[in-house]
Structures are given as structure tokens and as C-alpha cells.
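Contents: one structure, followed by commentary.
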Amino acid sequence: MALALGGYFSSASNVFTVSLVNLQTWFSARFVAIQDFFTSPRDIASLRQRNAELEGELAELQAQVIQLQQEVGETQILQALVDFSRANPENTYRAAAVIGRDPSPFLHYVIINRGSNDGILRGMPVVTNQGLIGRVDAVIADAARVQLITDPASSVNVRLQNAETEASLVGSVTGDLTLELIPQDINIQPGDLVLTSGLGGGYPPDLIIGQVVNVRSRDFDLFQQATVQPVVDFNRLEIVLVIVNFKPVDISPLIPSP
Amino acid sequence: MRNLVAVPVILLSVILQSAVISRVYLLSGIADLPLVMLAAWALQEEVDSAWHWAAATGLLVGFVSGIPWVVPVFGYVAVVALAQIFQKRVWQAPLLAMFSITFLGTIIISLLSLFVLRFSGVPLPVDDVLGSLTLPGVLLNMLLAIPAYAVMRDLARWVYPSPEVE
């Protein structure tokens, strides 16, 4: 004891403790390795289970994100439509969702989910916040068919805002819009705004349709023609507004038959 | 009772045509799902109700569409008539018959639509119709032909099970 306290055994005790620590390290490392060997399968199973749970939650959250994005899109459309109806208080609108298109590629019609039960009548104009899209062609109780202005049988009386002249806007089988019956002495330019004129009683006046993109004027023709770029994207119609306080006028009895 | 299966199938095909298929364009042409399904149904040997299906589908499409009802009714009946002819002559190669009927049926309905609409006063340029509607429509219908044939063959086997041979 006295020798140990005097430090005479320090080298011997160092050798002992180092050996002891090394031995313990060896045992500890082997134990941990054996413990890992027996416990890791359980960890993998639990990790897999946890991973599956997290993947499930991720899928659920992704579905929620998609749903919320869709709701945000619809809300933005509805907000734009509300702004449009506030900016045009002279009209009364009924919102409707587009639920289908005409099964035939020859005709450009859409089907909306509002019908005579909602006060929709044949001939009522249909718009979006951007501009005119067409008018109601047929109605049943809970749905209606709308003839788009791009339909080949559609004809709308319009006026050119800058040129102060009137013309007829016709659709086509490819969906292009063409201005016809423009007098040769009228100067029209690309970019001129096309609005409904209200003539004929089929549509209310001053609804925006589009802009002139190019003009075809030939000396030997009686009238000029122009191509119109519509303001509405007719391939992405989702929600539309039916102007329910407009009563179309049928002037066909006034037109003399040949 | 077997014919009652036509009700949901026809309704589903017309709803899908109006809500989904008619929004998928190639140029200005779209596929005609009722036409392809009718052709596939009429080609099945055991089926004896294809004429009724054609008339019912034509009337339903005529109701939904703005096109005069004579076009889908007579068009689909013509498709079934073609299928009956092809089934007897090309019975060993049903897919060849399916493609032929799809091709000819699309052309017939397109020409019928063109004729009736022009007669009604709708200005339709023939070259625009053929280039932008008919040919893309033929291609899209051809793409639908094989899956439609497979589905309708399974349906026909389910509706008309063959007697077990002992």
C-alpha cells in the first residue's frame, strides 16, 4: 500500500488499466455487433412500417395539395366572374359549369349544368369574364346546350371599335373566327377591338369578342375579310355566365322571303 | 334481359364521348367512341342485338348533339350493317375487320354529317372537313379500335356465355 501510494506501481497499474480498457473495448465492440445483428431486423421492419406510413401521409397530402390547387383555380375563376358581373351591373347573370361538349366534331357546342329550372331560356347570351362565348341553343330542365361563336353555323353582328363600322362575325369548322361584310373603303388595322353591335337582337351590344389579327383586302372583292383572335380560350371553358335578363328578338318574320 | 346491358354501356359511351373524348383534339378532329364500341359489339359472333344498340345510340347522340338526329342514327346503323358484312367475310381476322369498319364507318359518318349540314345551310368547306376533321378522326378511332374490341369481346362473352362442352 505504501509503495503504491508512493507511485512505485504506477507503470504496472498503467499496463493493467490499458489492458483492461482494451479488453472492455473488445468485449463492448463484439457485444454491440452482436446486439446490432439481433436488433437490426426489427429496426428494418419498423423502419419499413414507418416508411409506409409516411408514404401514405405523403400521398394524402399530395392529394390535398391537388384538391386545394383546383379549389384555388375555381375560386380565381369565380372571383373574376364576380368582378365582371359587378363591372356590368346592367345585366343579371347565372353561373354555370361546362360539363361537356358536342359529340360531333362538326359543331362547336358546349353543355352547361343549368337549364329551365334555373330560368335559362333559348337565345340567352353566354359570356365569361373575358368576353362573349355564344348563346343558348337548346334547354332541358337541368342542362342547356350553348352554341359557341366559333360554330360554323354561328353569325354575330359586330362592330369594330376603332374603325366605327359594322360587320358580321362567322365561325368555322376549325374554330377560326372571320369578319365578313366589311366595306372596302373602311380602314381596319390588326389590333382593332371587335364588339357585339346589338343589331338583329340576338346579342346585347358592347360585349367583347376579340381583336383583328390580319386583314384580307382584294381590289376585285366587294368586301374585306379579317381574321379575329377571340379573347376567350374556347378549349378551356370551365365556368360561364348566362345573361338571364336579356330577351332575344326574333326578326325572322320581318325578313322578306325570296 | 340480356339486352338490358346495352343501357349502361350506351349511356357510359355517350357520356364519355361528350365529357372526355370530345375535349381531346387532333387538329379539329375527335374520336367517336360510340362508333368504335358499336363496331366492336357488332363484330362479336354471338351478338344479335347490334341493330337495337345502333338505333338507341344514334337517338341518344342525336339528343345530346346539335347535329340532326338522322346523322347518328343512320350513320351507326350503317356501321352495324358494315360489321355484319365484314363478320361473314373476314371472320378469321377480326382485328382486320375492326380496323376496316372503323375506317369506313368514320368516313361514312363524316360524309353524312357534311351532306346533311350543308343541306341545312351550314357553310362547310369540303377540304377543311376532310383535312381537319375526317382524317384526324380516322386516326383517333383507329387508336381506340383495339382496346374497344377487347372490352366488347369480354362483354359479349359475359353476356352470351358459350355452352360448356363435355
Residue by residue through the stretch B:20-29, note down the ones that are in contact (Cβ under 8 Å) with a residue 12 or more places away in the chain and open to solvent by less than 10 Å² (accessible area, probe 1.4 Å). B:Gly29
Residues being touching a residue at least 40 places away in the same chain (Cβ under 8 Å) and open to solvent by 10 Å² or more (accessible area, probe 1.4 Å) - total across the stretch B:77-92: 5
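For the stretch B:25-71, give me each residue that is of a type in the set (Val, Ile, Thr), in a loop (DSSP other than H, G, I, E, B) and either more than 10 Å from chain A (Cβ to nearest Cβ) or within 18 Å of A:Ala138 (Cβ to Cβ) (or both). Walk me through how you get there before you give the answer.
Just the residues of the stretch B:25-71 that are of a type in the set (Val, Ile, Thr), to begin with: B:30, B:36, B:47, B:57, B:61, B:64, B:67, B:70-71.
Filter once more, so that each one left must be in a loop (DSSP other than H, G, I, E, B): B:30, B:47, B:67.
Passing the criteria: B:Val47, B:Ile67.
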Suppose we filter the stretch B:123-166 for residues that are touching a Lys or Arg at 6+ places or on another chain (Cβ under 6 Å) and touching a residue at least 60 places away in the same chain (Cβ under 8 Å); how many remain? 1
Just to be sure before I move on: is B:Leu124 out of contact with any His (no Cβ under 8 Å at 6 or more places or on another chain) and more than 19 Å from B:Leu33 (Cα to Cα) in the structure I sent? yes
Only one of these conditions is not met by A:Ile112: (1) in contact with a strand residue (DSSP E or B) (Cβ under 7 Å, 6 or more places away or on another chain); (2) open to solvent by 60 Å² or more (accessible area, probe 1.4 Å). Which number is it? (2)
Restricted to the stretch B:1-19 and to residues being within 9 Å of another protein chain (Cβ to nearest Cβ) and open to solvent by 20 Å² or more (accessible area, probe 1.4 Å), the residue modelled with the lowest pLDDT is B:Ala19
I want to confirm something. Restricting to the stretch A:100-132 and keeping residues that are in contact with a helix residue (DSSP H, G or I) (Cβ under 7 Å, 6 or more places away or on another chain) and not in a loop (DSSP other than H, G, I, E, B), which single residue is nearest to B:Leu12 (Cα to Cα)? A:Gly100
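Output the strands (runs of 3 or more DSSP E) that fall wholly within the stretch A:139-258 and possess 1 or more residues being open to solvent by 50 Å² or more (accessible area, probe 1.4 Å) and of a type outside the set (D, E, K, R), or say none. Explain how you work it out, then say what you get.
Values: elements: A:144-148, A:155-160, A:165-170, A:177-183, A:193-196, A:208-216, A:223-230, A:239-243.
In the stretch A:139-258, the matching strands (runs of 3 or more DSSP E) lie at A:155-160, A:177-183, A:208-216, A:223-230.
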Residues that are farther than 20 Å from A:Ile243 by Cα and small (Gly, Ala, Ser), drawn from the stretch A:54-99: A:Gly56, A:Ala59, A:Ala63, A:Gly73
Exactly one of B:Leu95, B:Leu117, B:Leu111 is surrounded by fewer than 17 Cβ atoms within 10 Å (Cβ to Cβ), assigned to a helix (DSSP H, G or I) and at pLDDT 90 or above, and that residue is B:Leu111
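Being open to solvent by less than 70 Å² (accessible area, probe 1.4 Å) and either part of a helix (DSSP H, G or I) or on the phi > 0 side of the Ramachandran plot (or both) is the filter here, so list the residues in the stretch B:120-135 that pass it.
Going residue by residue through the stretch B:120-135, those that are open to solvent by less than 70 Å² (accessible area, probe 1.4 Å) are B:121-122, B:124-126, B:128-129, B:131-134.
Selection gives B:Gly121, B:Val126, B:Asp128, B:Val129, B:Gly131, B:Ser132, B:Leu133, B:Thr134.
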Looking at B:Val71 and the list (1) surrounded by 17 or more Cβ atoms within 10 Å (Cβ to Cβ); (2) touching a Phe, Trp or Tyr at 6+ places or on another chain (Cβ under 7 Å); (3) in contact (Cβ under 8 Å) with a residue 12 or more places away in the chain; (4) not aromatic (Phe, Trp, Tyr), which single condition is not satisfied? (2)
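Open to solvent by 30 Å² or more (accessible area, probe 1.4 Å) and within 13 Å of the chain's Cα centre (by Cα) - does that describe any residue in the stretch B:36-51?
Narrowing the stretch B:36-51 to residues open to solvent by 30 Å² or more (accessible area, probe 1.4 Å): B:37, B:45-46, B:48, B:51.
Going one step further and asking which of them are within 13 Å of the chain's Cα centre (by Cα), we end up with B:37, B:51.
Looking for residues that are open to solvent by 30 Å² or more (accessible area, probe 1.4 Å) and within 13 Å of the chain's Cα centre (by Cα), one finds at least one in the stretch B:36-51, hence yes.
The values are calculated or read from the model by the stated rules, or taken from the named source; none is laboratory data. All values reported here derive from a predicted model rather than from experimental measurement. Methodologically, a virtual Cβ is constructed for each residue, glycine included, from the backbone with ideal geometry; neighbour enumeration extends over all protein chains shown. To get the accessible areas, we keep the full protein, side chains included, count just its heavy atoms, and leave off ligands, DNA and RNA. Shrake-Rupley method; radii C 1.70, N 1.55, O 1.52, S 1.80 Å.
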